[in-house]
Structure formats: C-alpha cells, structure tokens
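A short write-up of the structure that comes next.
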Amino acid sequence: MERKVAIIGAGISGLIACKYSLSKGFHPIVFEAQSSIGGVWSKTIESTKLQTPKELYQFSDFPWPSSVTDDFPNQHQVFDYIQAYARHFDLLKHIKFNNKVVGIEYHGSSEAELQSWSLWGGTGEPFSSTRKWKVHVQDTETLSTEIYEVDFVILCLGKFSGMPNIPDFPANKGPEAFHGKVIHSMEYASMDYETAAQFIKGKKVTVVGFQKSALDIAMECATANGVENPCTVLYRTEYWTVTDYFPWGISLAKLYLNRFSELLIHKPDEGFLLSLLATMLSPVRWCFSKLVESHFRRRLPLAKFGMVPKESFFEHLNFCLIPTIPEKFYDKVEEGSIRLKKAPSLSFCKDGVVIDGNEAAPIETDLVILATGFRGDKKLKDIFVSQTFQDCIFGTPKAAVPLYRECIHPRIPQLAVIGFSESVANLYTSEMRCRWLAELLDGKFKLPSIMEMEKDAEKWDAFWKQYSGGYSRKSCIAAIHIWYNDQLCKDMGWNPKRKKGFFAELFEPYGPRDYVAP
C-alpha cells in the first residue's frame, strides 16, 4: 500500500524530505504557502550572502556548480542552486504552491490511549492502518480549504520566517507612540530591491538587533545614506562576529569541526573515559577560544567600540550565535555612517526610540527596523489543533524542545520535525536528519521506548545547559555535529567513521561530502 507523507514547507528541509521520501517509494505531498520553493532564500535582503562556506552548505549528492567560485555565494546563487536541486530530482511536481497548512489533527486514538503508550505510536512503528493525520490546507489565492488524510507528517516549517518576533514594550510606549514607521526585517526583506533602496533612502534608520539580518540591513542603510543620515544599531548583547574562517592562518574547521575538537567537550551519553578525557583537555578548548578571539580582536576594533563579548567564542559557536559580518562593516562604524549603541531595554516616544527609560535623550529617527528574529516556537506549536500536542511539543519552559535525535517527539506519533534544531550549516544537518527519517519510515530500524527517548532528550538538554552561556532553551549541535551524526549513522546501520586513516579521522574536518554513501 502506498503511504502518503505530508511535508509542510518547501524550503531546504522540505525539499530534502521530499527527495528521500520518494527514494523509499512513499507518496510525498509538499504544502508550500508561498509561490516558490527555497524558504528564506526565495526572497531576502539584496546584499545577503551565505554565511558558511559553500563546501559546508551543499547537498551530499549534488555539489555546487563549478561556475560558482565564491566561498560565500550571494542570494541569487544560493536560490539558483536550490532550484537546480529540485529540478534534478524532479521534486516540483510533488509541491502544492500557495497552499497554507492551517492545522493538523491526529485521528484514531483518544488522548487517554495516547498517554498510556510505552512505545511511540503504541507499536513503535511509524505508520498505522487505523490512525491518520488530517491536514487542513487553505488555498491562499481562493481562500478555500481542503482536508488531506495522510499516514505521516513531516514539519519543515522553517525557524527563520513567517512569524516575526516583536519585543514587548511598556504600556503606551510601543510603536504606537512613535510618529515614524516601525517594521520588522521580514517586511524589508520581502520588498523588491529597488523598493527597499528607495524605502531607506534619505532616512535616519534605527535597526534593532545584532544578528545576520540586522548587520546586512545596517550596511545597506549606511551605504545609501552615509554620515548625513547615520544608521543606529541597537543591540542587547555583544556577539563574536566572523570576518573570515582562517584565524591566524588556521582553518576554523580544523579547530571546531573535527573529531579532536569534540574530544574537548562533554557530550551526551559519552561514557566515563570520554568524559574524563574532555575534563583533562578542557584547557585546550579554552586555548582554542582565546586564539580565535585574539584574531578577531586584532581584525576588528571591538574594544574601541565596546563590542567585546562577555562570553567565549566557543559558547557563542555552541549556540549558533556567530554571524558573518559584512565586509567593511566596521569601516562604516569608523566613519560614522553606522552607530552602535547598547540598549538593555527600549521603548518609543513621539520622536524616536528611548533607551533604558531615558526619555530626555531619545534617539531621533524616521524609521525603525526590528531585526529581532522569528517565533519559530509559536509557529511550530500553532500548527497542532490538539491542545495536548501544543502543550507537550515544548516540554518545560526552561528546556529545549524535547525531540529524540532532534526529529521525533516521543509523545506525538507518526510525525517528525526537521530543521528546528540548528547547526553551523543547516542544509547539511537537515539532509542527515531526512536520511535518518527515511530509513526509519522504511523500517530499517526501530525507535526505543518512549521513556528511553525522553531520557535521551534530557541528556541533550543537560549538555546545552552545561555550555549554554544563558541560552538554555536553544538547541544547536554546532560544537558536536560529528557526535550527533554518529548516533544517526549507528541507528541506520552505517559506519560512523567516514575518513581513511587514523589521523584523517581525528583531525580532518567533516562535511556533507563525507556522507555521500553508506
């Protein structure tokens, strides 16, 4: 019997999930709310480039074309690459564009029965002959709604799009008090490039945030308006920013993306000897951080502008908080067309933005762009019709999303989440997860009991808390991506050791091409 698999989202993760579902003989239906594939890459800020080297951001079986020579391709090149992948594997015919999933419902078991199960789905199997998901889909053009019944659901909703994160402001001191305009970076990115350029031209712009979108927008504003109308960047926390991937001539990949680097870290479920080794080698981890930090402090005037982070480079890497800074960004800061200002709290008044309640000295501005991220958590929660599933998807308020192998919620059957947990190269990570999921759906291995999966998720949460630096709800495998992939490989029956020779296995960086075939 042909199994129907609903895939929600046609971004990177959704396309890969579609490809591997097809490879196992399933019938995927991809629902995409927009008119194009590519997720965030279908429309973004004009100056945006890939912020990880392309050798890490590629499909294992579909390398970048030789015509793309830049290590950090621009938005058009990335989008073309994604489209070429979809065409090569004939994925487009499986996608329903302009179809927004407004809710999913699980049918066939009562909530009491769900709670009584000791195995995922009651049997430990990914499919059931009697239990199905009903997917409520709205056509965004006609506004008509259709319900699809499927055997499995893969949520590829995208963590960095769709639902903007708008900060809370004091009563009567939010954007409504401001006589200028306030938008989210999502609105700016959705404009065509000419409209965006005209929108910021001749204006005093204030950008709130200090991650990739904030830096790119600030750079565009500074280029358009110069010192006559400087762009003010308000940030709450200083982050390490990357100018290049070769601190002191040493590849960052050789410092952080090989097995040796992971020996320096206490990993989930690692055993006594590895734990002892990580403790003994912790000074080496500290030295690596100081080496990298000294390089970027030399390359950038961080101390001069009060931008030296309090946390280590390793802590920020471990939580995917290190953006690639636009070229000549600090040149713009030096000349005065970008102003950096710390803002632990902010509100609005008639003339602009107020920092820490100092209404006597507001930052006068015409336009405020909130580059404050997205509510991927809320988007994930709201897709469920069941309040029980909404409540359990996030577990406790102080823990990361409790997903086994960062894909499966032990208490939600016949469903997987791809792309919610982050890494240094999300395409690479999503592909490994989709391959693992395809093998699971194909019956090549079985999941442990619900209790065992929950205990495993707790161990990973403890790891994130240990190295969090205050970001305990965020899950990111950047610092232990090889260890994570090892678990997936073992589940699938693959050899996790992908290199030839002891020294290559220990010191050579791992990337997508290492996982081309079992």
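The values are calculated or read from the model by the stated rules, or taken from the named source; none is laboratory data. Bear in mind the structure is a predicted one, so any value in this text is a computation, not a measurement. Cβ sites come from the backbone with ideal geometry, for glycine too, and all protein chains shown count toward neighbours. What goes into the accessible areas is simple: the full protein's heavy atoms, side chains included, and nothing from ligands, DNA or RNA. Shrake-Rupley method; radii C 1.70, N 1.55, O 1.52, S 1.80 Å.
Overview of results
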| item | result |
| --- | --- |
| Where a residue in region 301-316 is closer than 12 Å to T241 by Cα and its partner, wherever it lies, is aromatic (F, W, Y) and part of a loop (DSSP other than H, G, I, E, B), with Cβ under 7 Å and at least six apart | P309/Y239; P309/W240; F313/W240; H316/Y239; H316/W240 |
| Residues of region 38-49 classified as open to solvent by 10 Å² or more (accessible area, probe 1.4 Å) and part of a loop (DSSP other than H, G, I, E, B), total | 5 |
| Residue that is surrounded by the most Cβ atoms within 10 Å (Cβ to Cβ), among those in region 60-81 that are of a type in the set (S, T, N, Q) and assigned to a loop (DSSP other than H, G, I, E, B) | S60 |
| Residues of region 474-513 classified as of a type in the set (D, E, K, R) and exposed (fewer than 15 other Cβ atoms within 10 Å of the Cβ), total | 3 |
| Only one of A84, A33 that is without any contact (Cβ under 8 Å) to a residue 60 or more places away in the chain, out of contact with any helix residue (DSSP H, G or I) (no Cβ under 9 Å at 6 or more places or on another chain) and open to solvent by less than 40 Å² (accessible area, probe 1.4 Å) | A84 |
| Test: residue in region 380-390 that is at pLDDT 90 or above, within 15 Å of the chain's Cα centre (by Cα) and either open to solvent by less than 20 Å² (accessible area, probe 1.4 Å) or closer than 28 Å to M186 by Cα (or both) | yes |
| Residue within region 409-417 that is aliphatic (A, V, I, L, M), touching a His at 6+ places or on another chain (Cβ under 6 Å) and crowded, with 18+ Cβ neighbours inside 10 Å present | no |
| Residues of region 196-223 satisfying the condition of being aliphatic (A, V, I, L, M) and either in contact with a Ser or Thr (Cβ under 8 Å, 6 or more places away or on another chain) or under 12 Å from S337 (Cα atoms) (or both) | V205, V207, V208, A214, L215, I217, A218, M219, A222 |
| Matching residues in region 300-321 - criterion: being assigned to a helix (DSSP H, G or I) and not charged (D, E, K, R) | F313, F314, H316, L317, N318 |
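Table: residues versus (1) surrounded by 20 or more Cβ atoms within 10 Å (Cβ to Cβ); (2) at pLDDT 95 or above.
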| site | (1), (2) |
| --- | --- |
| N318 | yes, no |
| I322 | yes, no |
| Y330 | yes, yes |
| E334 | no, yes |
| P362 | no, no |
| V368 | yes, yes |
